[in-house]
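Computed from the coordinates by the stated procedures, all read-outs in this text should not be read as laboratory data. If you're wondering where the values come from, they're calculated on a predicted model, not measured in any experiment. Cβ sites come from the backbone with ideal geometry, for glycine too, and all protein chains shown count toward neighbours.
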Amino acid sequence: MKKSKGLTFFLSFIPGVGHLYLGQLNRGLQILLLFFGSLFLFDLIGLGAFPFVLPVIWFYSLFDSLEQHRQIHKDQIIIDPPLFSWESITVKKHWIGLGMIIFGLYLVLDQMSSLFFDWRVSQTVKSILFAVILIIIGVYMLSGKILFSKK
């Protein structure tokens with residue numbers, strides 16, 4: 001069944017929905033989760049420093065859905081290429097556990113900082129904590145160790 005390019009375009013204003021309309025469920029759901037997960041994370045952390053990520057995801061989704069529409073109508077085959085393949089990412093269980101512990105500690109510190117400090121200090125504490133986490137990960141990666149290794 002031929003899909004409308006105009007409808008694909010308009011549905012793509014919500015990241016991932018244009019892909020879902022085209023029948024690309026994996027790619028559409030991954031883009032939806034990436035966009036709204038980023039929105040949730042930035043709101044949770046209270047970072048105003050990374051708002052450029054959301055328009056990048058939005059524009060990528062829009063143009064990719066139009067490109068996928070073109071490919072489908074050229075080949076007449078619906079291929080559902082994932083945005084990223086879960087099978088290609090091999091993560092050791094201890095890294096997932098460490099990430100959950102760090103995120104849990106962050107949430108505890110977030111709640112405690114809002115109890116003891118006013119709103120501005122609480123936002124500053126969250127931003128500093130997030131920056132320290134990024135620095136630690138960056139130093140670890142520069143040290144030559146790989147976070148996500150295939151074996």
Q) What length, rounded to one decimal in nm, is gained on full extension from Leu29 through to Val53, with 0.36 nm per residue of separation minus their alpha-carbon distance? A) 6.9 nm
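Could you calculate the FRET efficiency of Ala131 with Lys74 from 1/(1 + (r/R0)^6), where r is the beta carbon distance between them and R0 is 30 Å, rounded to 0.05?
Calculated value: 0.05.
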Q: List the trypsin sites (Lys or Arg not before Pro) within segment 1-42 that fall in a DSSP loop (any state other than H, G, I, E or B) and whose Cβ has at most 14 other Cβ atoms within 10 Å.
A: Lys2
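Taking K and R as +1 and D and E as -1, what net charge do the other residues with C-beta under 14 Å from the C-beta of Leu22 add up to?
Local net charge: +2.
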